[in-house]
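The structure appears below as structure tokens.
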Amino acid sequence: MKEKKVTIREVAELAGVSISSVSRYLADPKSIQPLAAYNIKNAINELHYEPNVFARNLKRGQTQIVGLIVPHMEYFFGKICHVVSDYFFERKYVTYICESDSEREKELFYVQELLNQKAAGIIIAPSGQNTPYLQGVAKNYKNMIAIDRQEDIGCDMVLENHRDNSYQLISWLLKNRPCSRIMMLFGWSDSFNTRMCLAGASQALGEVGYEERRVIKIYTARKVEMVLDALHQLKSVLKEGERPVIIGYGSDIVEYIVMGIHQLYPEWIGRVDIAGFALEGTEDKLGMDCSLVIKNPEAVGICAAELLNQKITGGKEDREPRKYEIKVNYKF
């Protein structure tokens, strides 16, 4: 038979105090007179009472839930998920990790459900497809932090400077590598980060007058088959003696490039230059000499978590949203 759950009323009766006294004790034992607190503690132990933390938090308008909405849980975002969930675990919060796949409807659903469940805070990598909705949320819900994408939704942002990082990488390649032809592989064409990377690359190429016809730009949607198709396309236009530079804007894309070269064109090894955005340890894993911007997801996650925790514990702040830029490392 199902065991009957002990109620707060039974605890109060055994301890000889009011229900409100038990509630205050559960929230803060020091708020109750020592003798009453002693009796309540004994009653809880004797009855094996388990407080309904979720219900209690709902009454005060906030739960011990933190929402983390990311496009996927691999590479960069996977490390952010690990850091953020560990950070809030230490502070007795449950982190709900929601994978949006950069889809508008999924993102809307997750944000609204977290609000419905009175989440203490939300960290989101916005897809760029729900800007007006998120702006409306940010006006009334102050405990939200945006990461990785510089989308103007009216809350603090934590991100890396994709434009400057792309500029630095391309500038270095043009000065130090014989770039007879450049292929750039991005994720999605409508991504904010893609636009920033393109802007930085265009600035670097423009400063040296690099011919546009020698640049190939491919949007891969982060799919391995599209990266392999891009390598076929490069092969079809390469001339004898040309040394191309292949740039992957993402750890997964860089890995797909190297995998594709080993699989399709092993003769390219040592005759093409590989560069791009990646994570610490990527070069060792690939076993090839690459020129890389090493992203720092751990720093992004910690900074976002600390900002959110300050909002949760410190209450509402009356200030303008701020942008926090995380530094990366250059390995070239």
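The values are calculated or read from the model by the stated rules, or taken from the named source; none is laboratory data. As the structure is a computational prediction, the values presented were derived from the model and not from experiment. Cβ: placed from backbone, ideal geometry, glycine included. Neighbour counts: every protein chain shown. Just so you know, the surface numbers come from the protein's heavy atoms only, side chains and all, with ligands and any DNA or RNA stripped out. Shrake-Rupley method; radii C 1.70, N 1.55, O 1.52, S 1.80 Å.
What range in the chain is the longest one free of GluC sites (Glu not before Pro) that are in a loop by DSSP and have at most 16 other Cβ atoms within 10 angstrom? Maximal segment without exposed cleavage sites: 104-210. The helix-only estimate of mean residue ellipticity at 222 nm for the chain, built from DSSP H runs of length n ≥ 4 each weighted as -39500 (n - 2.57), is -15000 deg cm²/dmol after division by the residue total.
Helix 251-264 axis versus longest C-alpha principal axis of the chain: approximately 40°, rounded to the nearest ten.
For Lys41, a cut-off of 16 angstrom between C-alpha atoms picks up these lysines, skipping any fewer than 8 places away in its own chain: Lys30. Excluding ligands, DNA and RNA, the accessible surface per residue across the chain is 52 Å² with a 1.4 Å probe. Surface composition of the chain: carbon and sulfur atoms hold 50% of the protein heavy-atom accessible area at a 1.4 Å probe. Can you flag which of Lys139/Lys223; Lys217/Lys239; Lys106/Lys327; Lys142/Lys223 are past 26 Å Cα-Cα? Cα-Cα > 26 Å for Lys139/Lys223; Lys106/Lys327; Lys142/Lys223; rest within. Hey, how much of the P(r) for the chain falls beyond 27 Å, as a percent of Cα pairs? Considering the chain, 55 percent of its Cα-Cα pairs are separated by more than 27 Å. According to the Cα-based calculation, Rg over Rh for region 140-294 is 1.00, with Rh computed by the Kirkwood formula.
Just checking the listed ones, Val208, Val254, Val22: in the Gaussian network model of the chain with Cα springs under 10 Å, the one fluctuating most is Val22. Please express the Cα-Cα pair-distance distribution P(r) of region 231-303 as a list of whole percents, one per 10 Å bin, running from 0 to the bin with the greatest distance. Result, from short to long distances: 18, 49, 23, 8, 2 percent.
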